[in-house]
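Trainee: Please read through the structure below; I'll follow up with questions.
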Amino acid sequence: MKLLEPHTLKNLTLKNRVVMEPMCMYSCFNHDGCATSFHQAHYTSRAIGQVGLILVEATGVCPEGRITDRCLGLYNDSQKEALKKVVDAVHQEGSMIGIQINHAGRKCTAVDGVDTIYGPSACAYDASSRIPHELTLAEIQHVFHQFKEAARRADEAGFDVLEIHGAHGYLISQFMSPCSNKRTDAYRDGNLFIHGVIKAVKESWPETKPLIIRVSATDYEPHGYQVEDTIRMLKPSLDMLDAINVSSGGITPIPPTKIYPGYQIGFAHQIKHALNIPVIGCGLLGSSELASCLIESETVDFIGLARPLLRNPHWVIETAINRNIRESVPPQYERGFK
Ligand SMILES: Cc1cc2nc3c(=O)[nH]c(=O)nc-3n(C[C@H](O)[C@H](O)[C@H](O)COP(=O)(O)O)c2cc1C
């Protein structure tokens, strides 16, 4: 097992095990949720940089599903067409591309076209946030439908992979955490909401294409949930998933107690073994030695990089050159590495 060797995820062959993690770019300056020339250049340059799988940033399944007014959306056909251009350009440069679909729930700060924000319960994220409307059972079914429709558009735009955003305190993880979920009905248990979203997505996302969920393994709250709870909540949906992207926190303003290279890897490894499913590990993994070691020791299956790829779109190429793997250099750039 090597970091820079090809690896498969379901039917998809990736040229290496490096995944660009989703990162909001807040660059839909017209508030229309449509990808712009910035998104095209941004994602295509990571494809030229030889990243195996590029995950497009959190993209709202409805206007109030966006985190901010400047976030991407996938709830109309103009947004689909704009994203298709990004997909085509990334494919042209030989990388695979997925998209993270999201409902921001109580963390929605968008105001354009948004009168009401929603959550599992009527409790705000923090003192400066709006109080969400507690989703009724009928509204929960509608949210499932919005995820299904976004998944259909993602497929039509040509995405290879779909990631459901179940992390960082957005709607799905609000259902997972007792800090944000105070319901008294069956949705008190987060697994029911997760299952509903995944089942809805599977109705329109092709069986042949990989489906991932990103989760926060824990909310870091004393009365919150732990990685064991995450494992329990994912279990009923496991046969519909192809990998889990493991992160942590974001449900309340409480940060992790210690942040160091690989601080979330223990969670990823625990989920991998408990559920016997491939995992993407992430969090301060910019050292290529650490990343290689985590792959070669089979601790995780893929290395997720966010900020390292913001700093250096050529992280993969430079890592390859340092290991004398010259084939990773795009021919146009060869002279830069002689
Ligand atoms: C600018 C920025 C935007 C982010 N947006 C998202 C996002 O849209 N979805 C998501 O799941 N995580 C998001 N994250 C978190 C990253 O995906 C990643 O989990 C985190 O930065 C830790 O990885 P790193 O140490 O490689 O940066 C974002 C991080 C950054 C720096």
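The values are calculated or read from the model by the stated rules, or taken from the named source; none is laboratory data. Treat the numbers as computed from the prediction; the structure is a model and nothing was measured. Glycine gets a Cβ as well: all are built from the backbone with ideal geometry, and neighbour counts include every protein chain shown. Note: accessible area is taken over every heavy atom of the protein model, side chains too, but ligands, DNA and RNA are not part of it. Shrake-Rupley method; radii C 1.70, N 1.55, O 1.52, S 1.80 Å.
Trainee: Give the carbon-plus-sulfur fraction of the accessible surface of the stretch 151-229 in %, rounded to a whole number; probe 1.4 Å, heavy atoms of protein chains only.
Mentor: Values: 1250 of 2440 Å².
Exposed carbon and sulfur together represent 51 percent of the surface.
Trainee: While we're on this one: For the stretch 88-164, compute Rh as the Kirkwood radius over C-alpha pairs and then the Stokes-Einstein diffusion coefficient at 4 °C and 1.567 mPa s; write the answer in µm²/s, rounded to an integer.
Mentor: Values: Rh = 14.5 Å.
So the translational diffusion coefficient is about 89 µm²/s.
Trainee: Based on the alpha carbons, how large is the Rg to Rh ratio for the chain when Rh follows Kirkwood?
Mentor: Numbers: Rg = 19.0 Å, Rh = 19.9 Å.
We get a ratio of 0.95 for the chain.
Trainee: Take the Cα pairs of the stretch 32-98, get the Kirkwood Rh, then feed it into Stokes-Einstein at 20 °C and 1.002 mPa s and tell me D in µm²/s.
Mentor: On the way: Rh = 12.0 Å.
So the translational diffusion coefficient is about 179 µm²/s.
Trainee: Can you give the charge dipole size of the stretch 1-123 about its Cα centre, rounded to the nearest 20 debye, using +1 on the beta carbon of Lys and Arg and -1 on the beta carbon of Asp and Glu? Let's see the in-between values first.
Mentor: On the way: 12 positive and 12 negative charges, 99 e Å.
With only Lys, Arg, Asp and Glu charged at Cβ, the dipole is about 480 debye.
Trainee: Name the residue from S37, Q146, Y75 whose Cα lies farthest towards the positive end of the charge dipole of the chain, charges +1 on Cβ of Lys and Arg and -1 on Cβ of Asp and Glu.
Mentor: Farthest towards the positive pole: S37.
Trainee: Then there's this: Calculate the spin-label point distance for R335 paired with T116, positioning each point 7 Å from the Cα along the beta-carbon direction, and give it in nanometres.
Mentor: 6.2 nm
Trainee: Same structure again: Might you work out the accessible area of Y333 for me, using a 1.4 Å probe with all protein chains in place, and round it to the nearest 10 Å²?
Mentor: Number for this one is 90 Å².
Trainee: Here is a follow-up. Among DSSP beta bridges whose residues both lie in the chain, state the antiparallel percentage, nearest 5.
Mentor: Working: 3 of 38 bridges.
Bridges in the chain are about 10 percent antiparallel.
Trainee: Roughly how big is the chain's charge dipole about its Cα centre, with Cβ charges of +1 (Lys, Arg) and -1 (Asp, Glu), in debye to the nearest 20?
Mentor: On the way: 33 positive and 37 negative charges, 102 e Å.
My answer is approximately 480 debye.
Trainee: Determine the calculated [θ] at 222 nm for the chain from helices alone, applying -39500 (n - 2.57) to every DSSP H run no shorter than 4 residues and normalising by the residue count; nearest 500 deg cm²/dmol.
Mentor: Values: 10 runs with 108 residues, N = 338.
Rounded to the nearest 500, it is -9500 deg cm²/dmol.
Trainee: I've got another one for you. Simple spin-label model, 7 Å along Cα-to-Cβ: R183 to I254 in nm?
Mentor: Label-label distance for R183 and I254, simple model: 2.2 nm.
Trainee: As a quick test, which of the pairs K235/K272; K10/K202; K148/K272; K15/K85; K10/K272 have an alpha carbon distance above 19 angstrom in this structure? Intermediate values should be presented prior to the final figure.
Mentor: Values: K235/K272 12 Å; K10/K202 15 Å; K148/K272 26 Å; K15/K85 22 Å; K10/K272 16 Å.
Correct reply: K148/K272; K15/K85.
Trainee: To continue, here is another question. For the chain, what is the accessible area per residue in Å² when the probe is 1.4 Å?
Mentor: Numbers: 13440 Å² over 338 residues.
Here the per-residue accessible area is 40 Å².
Trainee: Okay, next question. All other residues with a Cβ under 10 Å from the Cβ of Y118 taken together, and with Lys, Arg as +1 and Asp, Glu as -1, what is their net charge? If you can, show how the numbers build up before the last one.
Mentor: Numbers: positive: R106; negative: E64, E134, E139.
Neighbour charge sum, excluding Y118 itself: -2.
Trainee: Shifting gears a bit: Taking every eigenvalue of the Cα gyration tensor of the stretch 1-43, multiplying by 5 and rooting it, what semi-axes result, largest first, whole Å? Write out the running numbers ahead of the final one.
Mentor: Numbers: eigenvalues 189, 22, 15 Å².
Calculated on Cα positions only, the semi-axes equal 31, 10, 9 Å.
Trainee: Okay, next question. Using the Cα centre of the chain as origin and beta-carbon charges of +1 (Lys, Arg) and -1 (Asp, Glu), tell me which of A243, L310, V90 is placed farthest towards the positive end of the dipole.
Mentor: L310
Trainee: Give the span of the stretch 1-123's Cα atoms along each principal axis, as three whole-Å numbers ordered largest to smallest.
Mentor: That gives 48, 31, 20 Å along the principal axes, largest extent first.
Trainee: Which order do the peptides 68-75, 224-231 take when ranked by the mean count of other beta-carbon atoms within 10 Å per residue, highest first?
Mentor: Working: 68-75: 23.6, 224-231: 19.4.
Sorting 68-75, 224-231 by mean packing, highest first, produces 68-75, 224-231.
Trainee: Using packing as a proxy for protection, rank 11-21, 269-279 so that the peptide with the highest average count of other Cβ atoms within 10 Å comes first.
Mentor: Numbers: 11-21: 21.9, 269-279: 17.2.
My ranking of the peptides, most packed first, is 11-21, 269-279.
Trainee: For the stretch 164-251, what percent of Cα pairs sit more than 21 Å apart? All intermediate terms of the calculation are to be shown ahead of the outcome.
Mentor: On the way: 884 of 3828 pairs.
Counting every Cα pair in the stretch 164-251, those more than 21 Å apart make up 23 percent.
Trainee: Something else about it: Extending each Cα 7 Å along its Cβ direction at K84 and S128, get the distance between those two points in nm, one decimal.
Mentor: Between K84 and S128, the simple spin-label model gives 4.0 nm.
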